[in-house]
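These notes are about the structure you will find just below.
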Amino acid sequence: MAPPAHRHKAAKSSEERKRLAAKTGKGDPEEIKGGGVPKMEPAVADYFHQAHETFKSRFASDEEKSLFVSNVLTEAVAVALPLALDPSGSLLLQALLPSASGASLEPLLRALLPSLRLVACHPCGAHILEGALWRAPALILEGGEESQALEELVLDLGKGLQEELSTFALDAHASFVVRTLLQVLGGARVGSDGGRGLPGSGLLRPRAKSSKVGSEGPAVFEVPASFLSLLQEFKGCFQEQIADFITNKCFSLCLQVALEILHRKLPESSAELCRSVIGYLSSCNPAAAGQSLLVFLKDVTCSRVLDKVLEVSDAKALRSFYKVHVKGQLRVLSAHKVANFTLQRLIQAASRKLLGNLFQELSPGLEQILALEHLGIVTALLGACRKHGAHQPEVLQVLLEAFHCWKPRARQRACAPLLASVLAYEVYFGEGKEQADTPPALSTVSYHGSLMLQHLLHFADPSLVLRSMGAMPPADLVTLACDPSGSHVFDALLASPSVPKKSRRKVLLQLKGHFVSLACSKYGSRVLDAIWSRASLPAKRELAQELAEHEARLRHDPFGHHLVRNFALTHFLKRRRDWDDHQQAEKKRRQLFAEILEG
């Protein structure tokens with residue numbers, strides 16, 4: 001593809017481009033907002049539009065693709081600023097940057113740096129700076145001719161952001177560039193914990209990752225020593241500006257990334273920044289007699305910073321945080337729609353010793369926590385008891401008391417469906433009724449109820465939950481297995497080392513006669529796959545025999561046909577001896593790999 005005739009016209013006057021960069025680069029913010037964004041000429045825009053369409057098509061070889069990317073980026077340097085700020089041009093550059101060479105990236109980044117503020121604060125330009133930053137470390141480590149120049153450019157960009165951190169970290173678009181820079185300087189990709197869901201909705205639940213520039217790549221990568229030096233300087237900048245901007249959402253997100261990156265690469269600096277954050281927040285209201293921090297725990301933005309502080313703090317700092325700031329206030333925090341999230345973080349990060357204090361203070365109010373539907377606190381508490389192997393009998397008793405199924409003892413056999421649905425005994429069975437011969441069917445499975453059962457099955461003694469699951473009607477177990485959340489309970493049942501084989505088999509035998517229903521379910525078929533991978537040869541024969549009788553139906557089912565293939569049901573029906581030999585060989589292969597991994 002030939003470059004447009006206008007390219008030479010656009011490129012011949014570098015002095016004009018420099019004057020434009022000087023005008024729009026670090027000028028007045030009001031001038032930037034005034035709409036003084038340079039535009040490309042129509043013929044130039046059309047050239048890059050065609051280039052984007054060509055890039056979307058397949059190339060005959062990697063060499064051809066590399067040559068194309070290099071040529072287009074070379075053409076882009078002459079109009080780097082308007083191209084980066086143009087919606088279509090930005091998309092093209094975002095697509096090309098992950099494949100850019102050092103010779104292509106270095107002049108492009110150099111052309112954008114004089115207009116750093118304009119580019120970083122622009123919704124399209126910010127993506128280009130992010131893409132360039134993510135690409136730079138790999139090219140620097142390759143040690144090409146441009147590696148030294150590229151390293152200096154990244155440092156110049158970083159120093160530019162650092163000098164005006166109060167501008168960039170507060171901007172909705174530039175703050176993304178700051179966060180990306182911090183990760184590149186530290187050689188690690190981290191999350192910003194930007195969202196929790198609605199207040200009071202329980203535990204933090206992961207969101208689907210958006211497909212943005214730099215979202216793919218190694219989680220940890222090498223960086224030059226100069227990058228860590230600049231990262232250390234950023235720590236001081238954040239310390240200086242905590243008092244002014246900590247309540248700003250964009251600054252808060254940048255601070256969270258800084259805390260996590262420093263924790264990974266410069267732990268002492270991270271600890272110092274944590275002390276600065278807590279020190280400032282706790283000193284804002286001297287008249288509050290040590291309770292000033294509680295106000296910020298209830299603030300959406302500040303509490304997220306405190307979440308990250310607790311996550312990266314060591315055991316000694318966590319004990320100090322508990323004793324000085326929140327001791328005696330945990331039940332108040334657990335009832336608050338925002339502060340309960342920070343309490344979850346504290347529980348998750350607590351040491352074995354601190355967990356005892358937290359459990360002792362929270363356990364009397366566990367039923368109230370359930371009533372408020374702050375279920376993340378309960379699952380965090382169970383997870384911490386599982387992790388440390390501490391207070392497991394006590395937390396189980398308190399939990400079942402909160403569900404009203406600890407006494408009389410006969411009610412304990414109903415604990416599994418109660419926990420799965422997160423319903424108290426009287427609600428599940430009906431007010432004033434005891435457990436009947438035909439209990440109500442399990443209709444819904446709660447995400448947090450599934451987590452509770454998973455944690456309990458990994459306790460040192462899961463016998464109470466196992467007895468309850470063994471007493472559940474087969475139809476309820478099928479409902480549990482076919483539920484997106486409930487299916488993971490069977491993962492825990494199969495994987496937990498504390499579950500005896502006899503008890504596990506008793507529960508799984510309840511599914512016999514329902515294998516076809518499971519096979520035709522998206523999540524139930526996954527449970528069958530997990531059971532199959534751990535089953536003995538006789539158990540596999542039983543499972544295959546039941547499914548083979550409905551092989552034709554399963555073959556045409558969107559989920560069942562995977563099991564027909566995975567379980568080799570056609571071979572089972574027509575070549576039983578070959579099927580047996582294959583299963584034996586598969587078992588030996590898995591045992592061999594297990595021995596290698598253990599060795």
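The values are calculated or read from the model by the stated rules, or taken from the named source; none is laboratory data. Keep in mind that what you see is a predicted model, and the values were worked out from it rather than measured. Neighbour counts run over all protein chains shown; Cβ positions are idealised from the backbone, glycine included. Remember, those area values only see protein heavy atoms, side chains included, never the ligands or the DNA or RNA. Shrake-Rupley method; radii C 1.70, N 1.55, O 1.52, S 1.80 Å.
Run the numbers for residue 532 and residue 113: contour at 0.36 nm per residue of separation, minus the present Cα-Cα distance, in nm.
145.1 nm
What number, rounded to the nearest 500 deg cm²/dmol, is the helix-based mean residue ellipticity at 222 nm of the chain, given -39500 (n - 2.57) per DSSP H run of at least four residues and division by all its residues?
That calculation yields -20000 deg cm²/dmol at 222 nm.
Select one label from (i) 36, 29, 25; (ii) 76, 26, 22; (iii) 52, 36, 20: the one whose number is semi-axes √(5λ) of the Cα gyration tensor in Å as derived from the coordinates shown.
Computing semi-axes √(5λ) of the Cα gyration tensor in Å and matching it to (i) 36, 29, 25; (ii) 76, 26, 22; (iii) 52, 36, 20 gives (iii).
How high is the FRET efficiency from residue 410 to residue 353, r the C-beta distance, R0 45 Å, rounded to 0.05?
About 0.75, to the nearest 0.05.
Of 422, 295, which has the most accessible area with a 1.4 Å probe, and how do the rest follow in descending order?
295, 422
Each label point is 7 Å from the Cα along the Cα-to-Cβ direction; what then is the distance between the points at residue 247 and residue 585, in nm?
The answer from the label model is 7.0 nm.
In degrees from 0 to 90, rounded to the nearest 10, what is the angle of the helix 522-534 Cα long axis to the longest principal axis of the chain?
Roughly 70 degrees, rounded to the nearest 10.
Take the Cα gyration tensor of the range 422-532, multiply each eigenvalue by 5, square-root it, and list the three semi-axes largest first, rounded to whole angstrom.
Largest first, the range 422-532 gives 21, 17, 14 Å.
Which of the listed residues, 458, 473, 174, is farthest toward the dipole's positive end in the chain, when Lys, Arg count +1 and Asp, Glu count -1 at the beta-carbon?
About the Cα centre, the residue reaching furthest to the positive side is 473.
Using 1/(1 + (r/R0)^6) with R0 = 56 angstrom and r between the beta carbons of residue 502 and residue 275, what's the FRET efficiency to the nearest 0.05?
Result of the calculation: an efficiency of 0.60.
Which whole-Hz couplings ³J(HN,Hα) result when phi for each residue of the range 262-276 is put into the Karplus expression 6.51 cos²θ - 1.76 cosθ + 1.60, θ = phi - 60°, listed in order with x for Gly and Pro?
4, 4, 6, 9, 9, x, 5, 5, 4, 4, 5, 5, 4, 4, 5
Any idea what % of Cα-Cα pairs in the range 138-178 are farther than 16 Å?
So the portion of pairs separated by more than 16 Å is 45 percent.
Please list 3J(HN,Hα) in residue order for the range 379-388, calculated via the Karplus relation 6.51 cos²θ - 1.76 cosθ + 1.60 where θ = phi - 60°; whole Hz, with x for glycine and proline.
Ordered by residue, 3J(HN,Hα) equals 5, 5, 5, 5, x, 5, 5, 5, 4, 8 Hz.
For residue 509 and residue 570, compute 0.36 nm times the residue count separating them, minus their Cα-Cα distance, and round to one decimal in nm.
19.5 nm
Could you check the spin-label model distance between residue 337 and residue 155? Points 7 Å from the Cα along Cα→Cβ, value in nm.
Taking the two extended label points, one gets 5.0 nm.
Can you tell me the relative contact order of the range 296-396? Whole percent, Cα pairs under 8 Å, sequence separation 6 or more.
Normalised by residue count, the contact order of the range 296-396 is 28 percent.
What number, in percent, do you get for the relative contact order of the range 459-593 if the mean sequence gap of Cα pairs under 8 Å and at least 6 apart is divided by its residue count?
It comes to 21 percent, rounded to a whole number.
Give 56/522; 501/574; 39/308; 337/506; 65/249; 502/587 a once-over and call out the pairs whose C-alpha atoms are over 30 Å from each other.
Correct reply: 56/522; 501/574; 39/308; 337/506; 65/249.
Please give the length that would be gained between residue 67 and residue 388 if that part of the chain were fully extended, namely 0.36 nm times their separation in residues minus their C-alpha to C-alpha distance (nm, one decimal).
Length difference between fully extended and current span is 110.0 nm.
Evaluate the charge dipole of the range 479-599 about its Cα centre and quote only its size in Debye, nearest 20, assuming +1 on the Cβ of each Lys and Arg and -1 on the Cβ of each Asp and Glu.
Computed about the Cα centre, the dipole is about 280 debye.
Counting Lys +1, Arg +1, Asp -1, Glu -1, what net charge surrounds residue 152 among other residues with beta carbon under 14 Å of its beta carbon?
Here the count lands on -3.
So, in nm, how far is label residue 371 from label residue 327 when the simple model puts each one 7 Å beyond its Cα toward the Cβ?
Reported label-point gap for residue 371 and residue 327 is 2.9 nm.
Using the crude model of +1 on Lys and Arg Cβ and -1 on Asp and Glu Cβ, and no other charge, please compute the dipole size for the range 248-327 relative to its Cα centre, in debye to 20.
Using only the charged Cβ atoms, the result is roughly 160 debye.
Amide H neighbours of residue 188 under 5 Å, at least 5 residues apart or on other chains, H built in the peptide plane: list them.
221
Report Rg(Cα)/(2.2 N^0.38 Å) for the range 107-155, keeping two decimals.
This ratio for the range 107-155 stands at 1.15.
Rounded to the nearest 10 Å², what accessible area does residue 553 show when all protein chains are kept and the probe is 1.4 Å?
140 Å²
Ignoring ligands, DNA and RNA, how do 308, 56, 265 rank by accessible area with a 1.4 Å probe, largest first?
The ranking, largest first, comes out as 56, 265, 308.
For an R0 of 35 angstrom, estimate the FRET efficiency from the Cβ-Cβ distance between residue 56 and residue 167 and round to the nearest 0.05.
Given R0 = 35 Å and the Cβ-Cβ separation, E is 0.45.
Would you mind getting the accessible area per residue of the chain, heavy atoms of the protein chains only, 1.4 Å probe, in Å²?
47 Å²
So what is the relative contact order of the chain, in percent, for Cα pairs below 8 Å that sit 6 or more residues apart?
7 percent
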